[in-house]
1. Of everything in the range 249-264, what is within 20 Å of Arg82 (Cβ to Cβ), part of a helix (DSSP H, G or I) and in contact with a helix residue (DSSP H, G or I) (Cβ under 7 Å, 6 or more places away or on another chain)? Give them in sequence order.
2. May I ask you to list pairs of residues, at least six apart or on different chains, whose Cβ atoms are under 7 Å apart, with the first in the range 129-158 being on the phi > 0 side of the Ramachandran plot and the second being crowded, with 17+ Cβ neighbours inside 10 Å and among the hydroxyl-bearing types (Ser, Thr, Tyr)?
3. State which residue is surrounded by the fewest Cβ atoms within 10 Å (Cβ to Cβ) when the search covers only the range 82-91 and only residues that are assigned to a helix (DSSP H, G or I) and among the aliphatic types (A, V, I, L, M).
4. Could you please give the count of residues in the range 100-130 that are within 29 Å of Gln257 (Cβ to Cβ), surrounded by fewer than 17 Cβ atoms within 10 Å (Cβ to Cβ) and either of a type in the set (A, V, I, L, M) or assigned by TED's automatic domain parsing to the domain that holds Arg270 (or both)?
5. Within the range 286-303, work out how many residues are among the hydroxyl-bearing types (Ser, Thr, Tyr), exposed (fewer than 15 other Cβ atoms within 10 Å of the Cβ) and either on the phi > 0 side of the Ramachandran plot or not in a helix (DSSP H, G or I) (or both).
6. Examine the range 67-75 for a residue that is farther than 25 Å from Gln301 by Cα, crowded, with 17+ Cβ neighbours inside 10 Å and either touching a helix residue (DSSP H, G or I) at 6+ places or on another chain (Cβ under 8 Å) or of a type in the set (D, E, K, R) (or both), and state whether such a residue exists.
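The values are calculated or read from the model by the stated rules, or taken from the named source; none is laboratory data. Remember, it's a predicted structure, so these values are computed and weren't measured experimentally. Here the Cβ positions follow ideal geometry from the backbone for every residue, glycine too, while neighbour counts run over all protein chains shown.
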Amino acid sequence: MAKSPPRTRKKAAKKAGLPKIANPRPEPRLGADGSGDLLARIAGALERLAPAPKPVLDFSVAEAFVWHPEHHELTPVRRVNRVEMELLKGIERVRDLLVENTERFARGLPANNALLWGARGMGKSSLVKAAHASIGAAYPQAGLKLIEIHREDIESLPELMALMRNARERFIVFCDDLSFDADDTSYKSLKTMLEGGIEGRPENVIFYATSNRRHLLARDMVENERATAINPGEAVEEKVSLSDRFGLWLGFHRCSQDEYLAMVEGYIERHSIPIGADELRREALEWATTRGARSGRVAWQYVQDLAGRLGVKIAG
């Protein structure tokens, strides 16, 4: 029996009340080389798998930031904990050197990375923050920003540099209390960033660090390298050469009694704390004796104690 033509079958189906059959999904269109929609679908899938573009950093929201490498972000600091420049006593020479270096950097002139080393509590980190505030206010067009990186995050310096390299602002990257232990190799990342890398340090970035050690290494670490190495000189040179990457070394030494008293008097005058000169001198010296040292930190701790006893609030 001859088959009915397609049109006849469609009419028969409609007459019998059968459901209408939907058109099948069209086949992918192929190009001359066998590609087409398939390649388009692959490209779309790859775009969906690709990470979202990183947001552009807005450095205008704050004057200082803290680097958090685990989240690959810079957190703005709304209020920087700093001491006014005129309250930093007994460090006038190193103060002038760091301020001059920072000023040259803000003006776009050549400047050195700086290592502030020496006695505890003598204002190393306070000087860095004060210099940033002073020069930032004097040269607002430079957009000078202070970026704090923690000692344990030194290995992430290349990532941080990449975020700042193309920014229009200028950055002081600051690491407080920088030092390295015997089994720590992260100092190599710092050496590369300071001078040794192919890209080098970005023109708009300078690195300031504070440390109690001039060579950033414990003495027993250096002596151990010398004792166990086949060529002791070369082994020690590898470790000590890190400090040589800092063009500016600023030494901080224990202050004299007169310098210590000048620090205390400066704080007393700044915060208008009522106390007689003789009583202030006696108490301040006794406080330093009980602490076993004279320094700017000890002076500030005494002033805080005095203000608390007298019921005087200290303005930030």
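1. Once the filter is applied, which keeps residues that are within 20 Å of Arg82 (Cβ to Cβ), part of a helix (DSSP H, G or I) and in contact with a helix residue (DSSP H, G or I) (Cβ under 7 Å, 6 or more places away or on another chain), the range 249-264 yields Met263, Val264.
2. No pair meets every condition.
3. My answer is Met85.
4. 0
5. Summing the residues that are among the hydroxyl-bearing types (Ser, Thr, Tyr), exposed (fewer than 15 other Cβ atoms within 10 Å of the Cβ) and either on the phi > 0 side of the Ramachandran plot or not in a helix (DSSP H, G or I) (or both) in the range 286-303 gives 0.
6. Let us first name the residues in the range 67-75 that are farther than 25 Å from Gln301 by Cα, namely 67-75.
From the residues that got through so far, the ones that are crowded, with 17+ Cβ neighbours inside 10 Å too are 67, 74.
Cutting the leftovers down to either touching a helix residue (DSSP H, G or I) at 6+ places or on another chain (Cβ under 8 Å) or of a type in the set (D, E, K, R) (or both) gives us 67, 74.
Yes: one or more hits.
Table: residues versus (1) touching a strand residue (DSSP E or B) at 6+ places or on another chain (Cβ under 9 Å); (2) in a strand (DSSP E or B); (3) closer than 16 Å to Arg170 by Cβ.
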| position | (1), (2), (3) |
| --- | --- |
| Val66 | yes, yes, no |
| Val80 | yes, no, no |
| Arg93 | yes, no, no |
| Leu97 | yes, no, no |
| Asn101 | yes, no, yes |
| Leu109 | no, no, yes |
| Asn112 | yes, no, yes |
| Ala131 | yes, no, yes |
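Let's see how each residue does on (1) modelled with pLDDT of 90 or more; (2) closer than 17 Å to Leu98 by Cα:
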site	(1), (2)
Asn113	yes, yes
Met122	yes, yes
Ser126	yes, yes
Leu157	no, no
Leu160	yes, no
Asp176	yes, yes
Phe180	no, no
Lys188	no, no
